[in-house]
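Every number here is computed from the coordinates shown, using simple stated rules; none is lab data. Note that this is a predicted model, so its numbers are computed, not measured. A quick note on method: Cβ atoms are made from the backbone with ideal geometry, for glycine too, and the neighbour counts reach across all protein chains shown.
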Amino acid sequence: MLSLTEDQEDELLSRLIWPVAATLGEGPAWIADDAALWFVDIKQGALHRYDPATGHGSTVAVGGRPSFVLPTDDGGLIVGSGDGLHIVRDGTLGDPVATIDMPAHNRTNDAAVDPSGRLWFGTMDDGETKVTGAVHLFDGGTITVAGGESIITNGPAISPDGRFLYHVDTVAGVITRFDIAATDRLLDGEPFVTIAPEDGHPDGASIDSEGCVWVALWGGWQVRRYGPDGTLLATVAFPCANVTKVAFGGPDLRTAFVTTARAGLSDVELAAQPLAGGLFAFDAPVPGIPITPVRIAR
């Protein structure tokens, strides 16, 4: 496992690559077939696409509350929005392929795909006060509740071998590891990392090829890398407070793309953080892992 020296940590420098000024940039995913980074703006109902080969970004207004975008096994894209999972067709969200049974004040949030193509995604209280969010599992045709009840579910992130799922309870500041090798439920989880409130709130999480967990800190101005044993290995600083998630991309999966948000910042804070909401990148010390396309029942 790679543990960085102080000099190596200094090389983990974030750089702005697209000043998109997202209100709530989230859900970045490297779509290999498209050779592009896709992400969402939840509050603006937008899908963003960034092409690193040209440095060009484009936006499609799809409406709703898109919270993640991921590839499907038929070459399409699936988006979580509101209470449904939708296929993107001609720049719009199609009818839901599955609907989530949850309170009307909930919405989808972050997501990850396991090696067998099952989609694990979180829901949350859109008002951020009620413990009505949970992790759900879409197995190609149906949605079941896996557990992990919390106000704001984030992550989840899944280990390269598919054995462990890391669930982020943003409000509590706790990341919990669950063994999902033999179950579809989040049972008997073990504490992985607790983030002190003064350091920010854990938001989106991703895993690299060494099984290390990268977590973005909302209000924390940084991304952290933790070893599989919970040891803090590295930090990457950003010029804005609300950092939301890391995604590994590029032809070698060594570019770490990072979304940020303007939401939650006052006018004074926004004036001091003009790059807030931008898409950033840094050179990762190890590659990420490819996204397995979501399996869609046909």
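Results, tabulated for the structure shown:
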| read-out | value |
| --- | --- |
| Residue match in the range 226-245 (condition: crowded, with 21+ Cβ neighbours inside 10 Å, in contact (Cβ under 8 Å) with a residue 40 or more places away in the chain and polar (S, T, N, Q)) | yes |
| Residue list for the range 226-241, filter: assigned to a strand (DSSP E or B) and in contact with a Gly (Cβ under 6 Å, 6 or more places away or on another chain) | L233 |
| Unmet requirement for V60, which otherwise passes all of (1) surrounded by fewer than 17 Cβ atoms within 10 Å (Cβ to Cβ); (2) farther than 23 Å from T292 by Cβ; (3) out of contact with any Ser or Thr (no Cβ under 9 Å at 6 or more places or on another chain) | (3) |
| Residues (in contact (Cβ under 8 Å) with a residue 60 or more places away in the chain and in a strand (DSSP E or B)) located in the range 42-83 | H48, Y50, G57, L70, P71, T72, I78 |
| Test for G133: is it small (G, A, S), touching a strand residue (DSSP E or B) at 6+ places or on another chain (Cβ under 6 Å) and buried (at least 16 other Cβ atoms within 10 Å of the Cβ) | yes |
